[in-house]
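*Asks:* Starting off with a structure, shown below.
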Amino acid sequence: MAGTRRRTARGAAVATAVLLGGMIPGAQAASGTQRIDAELAYTCAAPGGEQHPVEVGVTAEVTDSARPGDRLQPEGVTLDVRLPETVLAGVPDAGAATLTAATRLSVAVSQDDRRAGAEWLGSTPEPVTVPGAGGPKLSTTGRVPYVQPTAEGELALDAGALTVELGLRKADGTPADPESIVLECVLDPGRDAALAKIPVAGGDEGGEGEPEPGPTETWPADERDAGAVDGRPEVGTAAKPSAADGVPPCVGDPSAELGMVAYVTGYANVTKLDGATRFPVACARITQGLSQLVPDGEFLHILQDSTVDLEYEGKPQLPPSSGTFLTFGFMPTTATLEMTQIPPAANPDGTREANIKSDLAINLAEGSTKALTVVTLQLMLRLRDVEVNGVPLDVGDNCRTSKPFTLRLEGRMTLKDGVQVGYTLATGGELTGSVTLPPFSGCGAHEDLDSLFTASLSGVPGYVKQTQGAPCAAVSADPTFCTPDFRPTDIPTAAR
């Protein structure tokens, strides 16, 4: 199920093992690179049996030479998938307004008669609008497995079968009918499938052997190689995103005993405009409260009040986000949205008001656990850089909601037989809720535009889904969850 996480319990805390910082232990620096720029032709079968011609462009960078034992990491892998209009013609009643794509490209790795296989996975970073005419074009990106030659001889990378899963959504962000289409694709006969050829020479067969991890690297057991089989090239696992990959700084304080930092991202629907806005990855600073044990019949409740503060460039806000909507159902309107948090107030004793309420309920009779976490944020929304049908609209410097509004998010978890499904503050996951925007004020540099934005945006609840990554508790600096400079290793992806 999309958005569902399963984890094995470790005492009271339940967590996901995450590869530190996307590092590839033992990866060798190449003296030069070569660019993969391949055009592939596929025939793809739809669920109903229809056959569709699909063109795919593959771009990436790989080293231009290597030695036995080097780990070769393709970088910047992108698949440009050009679909014919007939793909969606088979589902005329779907009502799809946007598309997403997840791709899986099989890649043959060979040296002479020694062969291995890899899978290059990718996904679209943003939904793509279904065009009014012509076939949709989608680009997927992703991190892919490294390759390690174990002997001399030219190493060849060749494309193979391709799977494309299309996600279909309506204009309001809800699933279309059908929700997805899976295309199974095979290369057209006689077409070139070559991606790259890398000369491998120098050194003893087997290379320098398996290098030891450096002092700041981790090497999970499932990342170690099982050893070469008959001299075949070896294929590793795909690198995880690192905390430096296009996300803002989020550095924890190792002296804060109850402090954690986590990355968050998500979508907010604008109901009146039949659209949704994705907010980029942001930093959340969490201060955990003390736990209270409350017996309740067959349940033992562990209650905890905590505080979260958003942070972006030293301000209590989410990173600015650009959204495009159809105002009045037909006029494309683009704006930059700035969501600023009203920080929780201070209590008389110097503590701060809690805006996270957690209830972990342990069923002593059944040996199961469930949890409810409620996050309540007070926010203000500002609009800037507005364009209507491509023409700038001067809204001034103070176009914002007339008062703060409340965003209430809920995350739920169940734990049975050591398996967790869902969200907790300590492990991350998905939270959902809704928000109702108040009227706008201060809009318009030369004319009063308050009523325009109030009519377009305010008054109707909009669905919100936020995804929190596993937090880093810098005081413990666990390399599973923290980079050496105390940033979270888990960077979540926004889900709708």
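Bear in mind these aren't lab numbers, they're just calculated from the coordinates by the rules spelled out. Everything numeric here is computed off the predicted structure, so don't read it as measured data. Here the Cβ positions follow ideal geometry from the backbone for every residue, glycine too, while neighbour counts run over all protein chains shown.
*Asks:* If I model a spin label as a point 7 Å beyond the Cα along the Cα-Cβ vector, how far apart are those points for Asp349 and Gln34 in nm?
*Replies:* In this crude spin-label approximation the distance works out to 6.8 nm.
*Asks:* According to the square roots a ≥ b ≥ c of the eigenvalues of the Cα gyration tensor, what is the shape class of the range 411-496, taking rounded for a/c under 1.5, prolate for a/b larger than b/c otherwise, and oblate for the remainder?
*Replies:* Details: a/c = 4.65, a/b = 2.04, b/c = 2.28.
Judged from the Cα gyration tensor, the range 411-496 comes out oblate (a/c at least 1.5, b/c at or above a/b).
*Asks:* In addition: Which order do the peptides 114-124, 422-432 take when ranked by the mean count of other beta-carbon atoms within 10 Å per residue, highest first? Working shown, then result.
*Replies:* On the way: 114-124: 18.3, 422-432: 22.8.
Top of the packing list down: 422-432, 114-124.
*Asks:* Quickly work out the Glu184-to-Asp478 label distance, labels modelled 7 Å from Cα along the C-beta direction, and quote it in nm with one decimal.
*Replies:* Reported label-point gap for Asp478 and Glu184 is 4.1 nm.
*Asks:* Within a Cβ distance under 15 Å of Glu50, other residues only, what is the Lys/Arg minus Asp/Glu net charge?
*Replies:* Values: positive: none; negative: Glu85, Glu184.
Taking every Cβ under 15 Å from that of Glu50, the sum is -2.
*Asks:* Sticking with this structure for a sec: Of the GluC sites (Glu not before Pro) in the range 285-322, which ones lie in a loop per DSSP and count no more than 15 other C-beta atoms within 10 Å? Kindly include the intermediate steps, with their values, before the conclusion.
*Replies:* On the way: sites: Glu298, Glu311, Glu313; in loops: Glu298, Glu313.
Listed in order of number, the matching sites are Glu298, Glu313.
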